[in-house]
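Each remark here refers to the structure printed beneath this line.
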Amino acid sequence: MEKEMPYKVYLTEEEMPRYWYNVKAHMKSKHGPFLNPVNGKPCTKKDLQAVFCDECVEQELNETDELIEIPREIRDFYRMFRPSPLVRAYFLERALDTPAQIYYKFEGNNTSGSHKLNSAAAQAYYAKKQGLKSVTTETGAGQWGTALSMACAFYGLGLDVYMVKVSAEQKPHRREVMRTYGANVVASPSDTTEAGRKILAEFPGTGGSLGCAISEAVEKARSTPSCRYVLGSVLDHVLLHQSVIGLECKTALEKYGITPDVIIGCCGGGSNFGGLIAPFMGERLEGGNNIEFIGVEPASCPTLTKGRYAYDFCDSAKITPMAQMYTLGCGFMPSPNHAGGLRYHGMSPVISRLYHDGYIRAVSAEQSKVFDAAVMFAKCEGILPAPESSHAIKAAIDAALECKENGQSKKILFGLTGTGYFDMSAYKQYNDKTMADFIPTDADLAKGFATIPNCEANKNNR
Ligand SMILES: *Cc1c(COP(=O)(O)O)cnc(C)c1O
């Protein structure tokens, strides 16, 4: 029996998930393995363990277990900021005058301000348990670096964060939060690595890029004893950790007999969307529901809607393994005047596969429209959303307005991944009406596609 949900629902401690949900166990067609960048052969477990923590590699390669236990120590950490609330957006519904019901899961209630802490907590714990002394990572907008700093402080682990230089300069406060939690923050490119020195010699004065910061972080991990590299999105084990979002949603909704008709998430590397939909998608793949899943990406970096399904590198320096995914090409350069995150050239291999097989719909949104939605949401529901999250808000509002037109009362669930307090320069642009929209032309896209490797695995795939 369906009951009306109150404004805000939190699970009790007993109802909290004890297992993560591995959607791959239900996927009949799975993405291909990582390929070694040197010889083009599938990466072995050992290849991956040279870079990533052992337990994360196990999870990365696990295609069979639907449920993977969340260790007690991680559940303890989760207690500091979970459960996150599931909210019925009554005020937004009223403002839109729609017969649709809108629900959102809010992941911004922690100091890092986003869902990324769900995976940071897990990855830092596994690194510590393996006896490592430190980890390295890169950060662009800074949410991941902040989340990982908090997790490393909690478990007593050293951390080097390579922060894209322009972000480090534009967001000095983000950098300071990380340093407060004990992280060593290095503006990238730096002279502390071979990769960084090479880029600096070639492009003096460059503001850096995510791809370059990844190269530096991986090199640092490889050349430091008792150290590994960790990544905050894209990889299967990160989606696995984020499934805690979807599991909490499902339990809360089931208490009220509610099944969503539409589930919407923003897509950068695909981790929050993958985590939000995981248990619902697992059910869908077994014929258990007919939910419409919608991923929303920026029109300035249209990986799913305009990209190719191919093997590509995960970084721009081409030192990481190649992954089978939707990609704009590892050399794709998103417009610098795009405000929010979500600027990655690739996409989670799991999300890519589900999209390729027709289980997910993808849409893109221009940033000025995204900020219109963000401001409307802030005024109705009180939360100042992150620009990334606002892509999902925009699509949820569109879906609700469509319901109004068609007289449908669909139940729409979306992921509100975080808050936007560190993005005030983007809000300033919006308020000053200086925000520009940028949509790459076919010629821009062609330049990116030309950087997709011409490897054997892509020969039959073009
Ligand atoms: C990082 C981030 C995203 C995008 O990353 P995904 O891996 O696609 O989830 C979205 N929203 C916020 C607030 C983020 O910090």
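The values are calculated or read from the model by the stated rules, or taken from the named source; none is laboratory data. All figures in this text were calculated on a predicted structure; none of them were measured in a lab. Using ideal geometry, Cβ is built from the backbone for each residue, glycine included, and neighbour counts are taken over all protein chains shown. For the accessible areas, the whole protein counts, side chains as well, though only heavy atoms, and no ligand, DNA or RNA atoms are used. Shrake-Rupley method; radii C 1.70, N 1.55, O 1.52, S 1.80 Å.
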- prompt: Using a 1.4 Å probe, what is the accessible area per residue for region 264-350, in Å²?
  reply: 24
- line: Taking N as the number of residues in the chain, the ratio of its alpha carbon radius of gyration to 2.2 N^0.38 Å works out to 0.91
task: Report the FRET efficiency, 1/(1 + (r/R0)^6), for Glu66 and Met1, where r is their Cβ-Cβ distance and R0 is 30 Å, rounded to 0.05.
output: 0.60
message: If packing is taken as the average count of other Cβ atoms within 10 Å, what order do 421-427, 181-187 fall into, highest mean first?
response: 181-187, 421-427
- line: For Arg18 and Thr192, extending 7 Å from Cα along the Cα-Cβ vector and measuring point to point gives, in nm, a value of 4.1
task: Could you tell me whether region 328-462 comes out rounded, prolate or oblate from its Cα gyration tensor? Rule is a ≥ b ≥ c as square roots of the eigenvalues, rounded for a/c under 1.5, then prolate if a/b exceeds b/c, otherwise oblate.
output: oblate
task: Once you have a ≥ b ≥ c as the square roots of the Cα gyration tensor eigenvalues for region 169-228, tell me rounded if a/c is under 1.5, and otherwise prolate or oblate according to whether a/b is larger than b/c.
output: oblate
field: Entries of Lys46/Lys129; Lys171/Lys255; Lys171/Lys433; Lys28/Lys250; Lys133/Lys306; Lys41/Lys220 with Cα pairs more than 30 Å apart
entry: Lys171/Lys255; Lys133/Lys306
message: Can you list residues from other chains, or at least 5 along the same chain, whose modelled amide H is less than 5 Å from the amide H of Tyr19?
response: Ile70
task: Skip the ligands, DNA and RNA, and give the accessible area per residue of region 1-148 with a 1.4 Å probe, whole Å².
output: 43
- request: Using Cα pairs closer than 8 Å and at least 6 residues apart in sequence, work out the relative contact order for region 270-331, in percent.
  value: 24
task: Just order 233-244, 66-77 by mean Cβ neighbour count inside 10 Å, highest at the front, would you?
output: 233-244, 66-77
Net length gained if the chain between Ala50 and Ser368 were fully extended (0.36 nm per residue, minus Cα distance): 110.2 nm
field: Added length on full extension, which subtracts the Cα-Cα distance from 0.36 nm per residue, Lys404 to Lys30
entry: 130.9 nm
field: Computed label-point distance, nm, for sites Ala95 and Asp432 using a 7 Å Cα→Cβ extension
entry: 2.4
task: Report the label-to-label distance for Thr206 and Val38 in nanometres (one decimal), using points 7 Å from each Cα along the Cα→Cβ vector.
output: 2.4
message: Can you tell me the length gained on complete extension of the stretch Ser335 to Ser226, counting 0.36 nm per residue apart and subtracting the Cα distance?
response: 35.5 nm
- request: Hey, can you grab everything whose amide H is under 5 Å from the amide H of Val185? Only 5+ residues off in sequence or another chain; H modelled, so Pro and N-termini drop out.
  value: Val161
query: Mean separation of Cα pairs under 8 Å and 6+ residues apart, divided by the residue count of the chain: what relative contact order is that in percent?
result: 20
Ordering of 38-44, 279-285 by burial proxy (mean other Cβ atoms within 10 Å per residue, highest first): 279-285, 38-44
R0 of 25 Å, Cβ-Cβ distance Ile439-Arg361: FRET efficiency to nearest 0.05: 0.80
message: Within the chain, what whole-number % of the accessible surface is contributed by carbon and sulfur, with the 1.4 Å probe and all protein chains included in the calculation?
response: 51
- line: HN-Hα couplings for region 31-45 via Karplus (6.51, -1.76, 1.60; θ = phi - 60°), in whole Hz with x for Gly/Pro, come out as 6, x, x, 4, 10, 5, x, 7, 10, x, 8, x, 5, 7, 4
message: In Å², and per residue, what accessible area does region 411-462 have when probed at 1.4 Å with the other protein chains present?
response: 57
Cα-based shape type of region 262-421, given that a ≥ b ≥ c are square roots of the gyration tensor eigenvalues and the cut on a/c is 1.5: oblate
